[in-house]
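One structure below.
The values are calculated or read from the model by the stated rules, or taken from the named source; none is laboratory data. None of these values were measured; they are calculated from a predicted model. Positions of Cβ are backbone-derived with ideal geometry, glycine not excepted, and every protein chain shown enters the neighbour counts. Each accessible area value is taken on the protein alone, full model and side chains, heavy atoms only, with ligands, DNA and RNA left out. Shrake-Rupley method; radii C 1.70, N 1.55, O 1.52, S 1.80 Å.
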Amino acid sequence: MDNIAGKKPALLWAVHISVVALVLLWVVPTFGLLVSSFRTGDQIVSSGWWQALSTQETQQPAIRVAGDEVEKDGAFVIEGNLYETTGTTISRWGTSSREPEAYAPGETASLDDGVTLTVQPDGAYVLSSPATTAEMRLPRVFTTASSPPEFTVNNYSNVIASPMAGQSIGQAFLNTLTVAIPATIIPILVAAFAAYALAWMEFPGRALLVAFIVGLLVVPLQLALIPLLQFHNWIGIGKGYLGIWMAHTGFGLPLAIYLLRNYMVGLPRDIIENARVDGATDFQIFVRIILPLSFPALASFAIFQFLWTWNDLLVALVFLGTGNDQQVLTGNLVNLMGSRGGDWEILSASAFVSIAVPLLVFFSMQRFLVRGLLAGSVK
Amino acid sequence: MHPALQAFVVILVGVGGCVGYFYASNLVLDKILFPARGPHAGRNINRASAIRPWLFLFPALALLCLYLAYPVFATAWLSLHGRSGQFVGGANYIAMFGEPKFAESLKNNMLWLVVVPAASTAFGLLAAQLTDRIKWGNIAKSLIFMPMAISFVGASVIFKLIYDARDAEVAQIGLLNALWLKFDGGPGSFLFLKLLPFLLVIAFVVLAVALAGYAAQAVAQTRKDFNGRLLAGGIVFALLVVLYAIWGAVGSLWGLVMWAPPFGQPQNWLQLPFWNNFFLMAVLVWIQTGFAMVILSAALRGVPEDTIEAAIIDGANPFQIFFKIKVPQIMGTIVVVWTTITITVLKVFDIVLAMTNGQWETQVLANYMYDKLFRSLDWGMGSASAMIIMLLVTPILVWNVWNVRKEMK
């Protein structure tokens with residue numbers, strides 16, 4: 001297909017530019033959240049993430065003067081710095097929200113009761129008062145300052161360790177792992193045996209069964225929620241890990257069988273016939289020949305099922321319950337969006353903890369994922 | 001027991017149990033029930049191989065029947081019952097159709113069903129065609145494919161940051177509002193907010209009419225298989241669809257001309273009734289485009305080279321080659337992609353729950369059902385709405401089954 005574009009450089013350039021635009025459109029949303037997750041809460045609300053690398057001149061939130069007073073020359077003096085980190089340069093400052101830019105840095109403001117306040121460009125301040133400030137409400141300082149770009153990993157350490165919505169993201173991470181791994185492994189074996197029977201054994205009704213499974217492929221799992229919850233309660237496992245493992249296994253089976261059958265049908269007939277002639281039983285053929293040969297298909301399905309169970313919200317909400325030791329990452333994230341919707345430093349870091357593992361799986365095993373997709377869509 | 005330990009035990013028991021079951025059942029079949037020796041060796045071998053497939057199939061079939069087939073009927077049964085379990089017949093359905101929230105979900109779902117598969121497939125086709133031609137195409141593909149790995153909830157967080165709105169006086173941290181505030185009513189605004197959408201709508205109508213015409217032509221060519229009445233009905237239906245599309249397009253063009261955009265005011269994108277649906281759909285399109293791209297890209301590579309070469313020799317330009325040679329040949333795959341995304345759309349729940357929870361007229365069926373089931377605890381109504389989802393999926397189910405049956409013959 002290069003032969004078409006290659007003759008027209010202008011068209012090729014248009015293609016390059018369009019692809020760059022498409023890729024940007026698809027990457028920028030995630031990238032924005034990633035950048036935000038490394039900024040402090042103040043930075044996130046005071047400027048867009050796309051300005052994270054430039055020095056910002058912004059109005060900072062008010063900071064209240066605080067510190068131990070020292071008696072000096074008959075006045076009570078408090079000295080300190082408005083900022084914990086260095087590098088910020090104040091351009092204007094003020095002591096009331098009505099006039100946040102009343103003074104230049106280095107000027108001295110006279111406040112009530114003879115109190116004076118001087119703020120230097122780097123945020124150092126001197127508050128001086130004729131009477132003790134112990135009983136006094138100390139003034140707030142509004143600053144317009146430019147601060148250099150700054151990144152932090154504190155957001156991550158915060159969300160992983162401390163509970164934000166019932167429990168910590170770290171705990172939710174473990175819960176999700178507990179759900180996803182058995183729910184990925186168990187259906188593979190069950191499906192592999194069934195797929196072998198559907199691919200290589202002759203029996204009446206085989207075509208009908210394949211059609212049945214293709215039909216189940218599209219049944220919305222929404223229909224299964226209440227009847228299965230009733231069933232789980234009836235057999236006494238109720239809500240919990242056992243129930244969700246069973247549910248994920250059941251919901252994953254149609255795709256697993258369909259994908260594996262399609263793959264196994266394509267295996268060379270000679271190998272299987274030869275093994276039969278040599279006296280191998282079906283069980284031996286399956287374990288020794290089919291299973292090793294089907295590895296690519298097994299891997300594709302495993303990745304699918306893992307991504308699906310890791311990212312699932314509905315099944316977890318219904319079958320796992322919402323107790324603190326049972327909430328999964330997606331459930332936790334939804335709760336955070338409800339209760340801490342404006343705290344982007346928490347939300348962005350939590351979201352990235354939850355999508356890190358799928359992204360890792362995705363980028364390391366993309367080949368298998370693509371192969372699975374191509375085999376799994378009904379043709 | 002600690003859940004992690006329990007998980008480990010379950011893996012062991014599950015895997016071991018599976019292998020053990022298959023091994024033991026085969027052993028019982030071959031050695032005890034129908035041993036391949038003695039006076040009836042031949043008959044026994046035949047019987048054993050008649051039973052064996054069912055041994056292999058049993059666990060999977062049992063799970064499938066219990067976890068997917070039975071619930072369809074159980075849900076249908078539940079939908080005919082009231083809150084306290086009494087039989088109420090169709091009362092749940094009647095009550096549901098009278099609810100404004102249900103009508104809203106149905107309307108929104110229809111919108112989702114049209115927009116998301118169309119947009120995802122179109123973007124996917126575009127990405128597949130463009131990336132196939134350049135050297136760094138594989139990197140580009142993998143980046144566009146990446147959202148596939150992100151959960152709907154994670155994607156909702158990502159897009160919520162983009163849609164974030166603050167007061168006009170302070171800096172915007174949402175990308176969309178930051179871009180929006182760049183528009184000031186000047187020539188740039190006219191170009192991007194009036195002219196470009198205007199052209200897009202016209203292009204959409206032209207495309208829809210062309211597709212309808214193409215479909216009608218295809219049907220006409222195979223009309224021997226159809227009886228006349230069916231053909232006439234199909235043509236009338238297609239005409240109605242085209243007329244409806246044109247009518248809607250004219251309406252929206254008029255609205256576009258009359259529209260006075262609120263320049264300089266940050267918008268709460270998720271709270272603008274009707275339009276907020278599109279901002280939610282964008283999330284799903286963002287996720288599904290990669291899927292469409294991967295499958296369509298494989299299909300495009302499967303287009304026979306000689307048909308393209310023949311077209312080049314005949315003097316076709318790249319656009320003609322794409323639309324007249326390649327696209328018709330991968331029509332089957334486009335249909336597959338379209339239906340697969342359609343099914344995903346019908347089940348969409350997480351995005352709406354996480355971003356608006358159905359407020360501001362964004363309710364969809366799956367979230368409506370979740371509301372009924374687990375917030376109002378009305379299992380009858382919830383099941384009834386689940387049955388509506390099933391009903392909407394059924395044509396695709398039948399179509400898939402029909403195709404597979406045809407393929408296996």
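Structure values in brief
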read-out	value
Simple spin-label estimate for residue B:298 and residue B:46 in nanometres, 7 Å along Cα-Cβ	4.2 nm
Local electrostatic count, residue A:61, Cβ distance below 13 Å [Lys/Arg +1, Asp/Glu -1]	+1
Partners for residue A:72 among aspartates and glutamates (Cα-Cα distance below 19 Å; same-chain residues under 8 apart left out)	A:113, A:135
R0 of 22 Å, Cβ-Cβ distance residue B:244-residue B:191: FRET efficiency to nearest 0.05	0.15
Where N is the number of residues in the stretch A:2-53, Cα Rg divided by 2.2 N^0.38 Å	1.77
Folded to 0 to 90 degrees: helix A:206-217 orientation relative to chain A principal axis, Cα	10 degrees
Computed over chain A: relative contact order in percent, which uses C-alpha pairs under 8 Å that are six or more apart	19 percent
Eligible aspartates and glutamates near residue B:194 by straight Cα distance, threshold 17 Å, same-chain separation 8 or greater	B:184
Helix A:295-311 vs. chain A, principal-axis angle (Cα, 0 to 90°, nearest 10)	40 degrees
Square roots of five times the Cα gyration tensor eigenvalues for the stretch A:21-81, Å	43, 10, 8
Around residue A:314: net Lys/Arg minus Asp/Glu count, Cβ-Cβ under 9 Å	-1
Mean shadow area of the stretch B:1-97, taken as a quarter of the surface of its Cα convex hull (nm²)	11.6 nm²
Cut-off 18 Å, label 7 Å out along Cα→Cβ of residue A:137, residues of the stretch A:65-80 by amide N	A:65-67
Part-to-part distance (alpha-carbon centres) for the stretch B:138-196 and the stretch A:239-271, which is given in Å	39 Å
Highest-first arrangement of A:259-272, B:356-369, A:222-235, A:104-117, where packing means the average Cβ count within 10 Å	B:356-369, A:222-235, A:259-272, A:104-117
Euclidean distance between Cα centres, the stretch B:252-320 to the stretch A:9-30, Å	14 Å
Nearest 10 degrees, 0 to 90: helix A:329-339 Cα axis against chain A principal axis	40 degrees
Span-like helix ranges in chain B, DSSP H, alpha carbon extent 18 angstrom or more, Kyte mean at least 0.5	B:3-27, B:41-64, B:100-131, B:196-221, B:228-258, B:275-301, B:331-347, B:379-408
Partner chain coverage, peptide A:31-40 - average Cβ within 10 angstrom	2
With every protein chain in place, the stretch A:59-144: carbon and sulfur % of accessible area (1.4 Å)	45 percent
At R0 = 35 Å, FRET efficiency that the Cβ-Cβ distance of residue A:70 and residue A:151 yields, to 0.05	0.45
Dimensionless Rg ratio for the stretch A:56-147, taking C-alpha atoms and the 2.2 N^0.38 Å reference	1.03
Average beta-carbon neighbours from other chains, 10 Å sphere, peptide B:49-55	5
Per residue Cα convex hull volume in Å³ - calculated over the protein assembly as shown	231 Å³
Cross-link table A:239/B:101; B:347/B:372; B:107/B:372, entries beyond 23 Å C-alpha to C-alpha	A:239/B:101
Spatially proximal aspartates and glutamates relative to residue B:326 (Cα-Cα < 18 Å; intrachain offsets below 8 disregarded)	A:2, B:132, B:305, B:306, B:309, B:314
Segments B:86-97, A:191-202, B:373-384, A:122-133 sorted - mean Cβ within 10 Å per residue, highest first	A:191-202, B:373-384, A:122-133, B:86-97
Accessible surface buried once A binds B (1.4 Å probe; total of both sides; Å²)	10200 Å²
Rel. contact order, % - alpha carbon contacts under 8 angstrom, at least six apart, the stretch B:57-198	7 percent
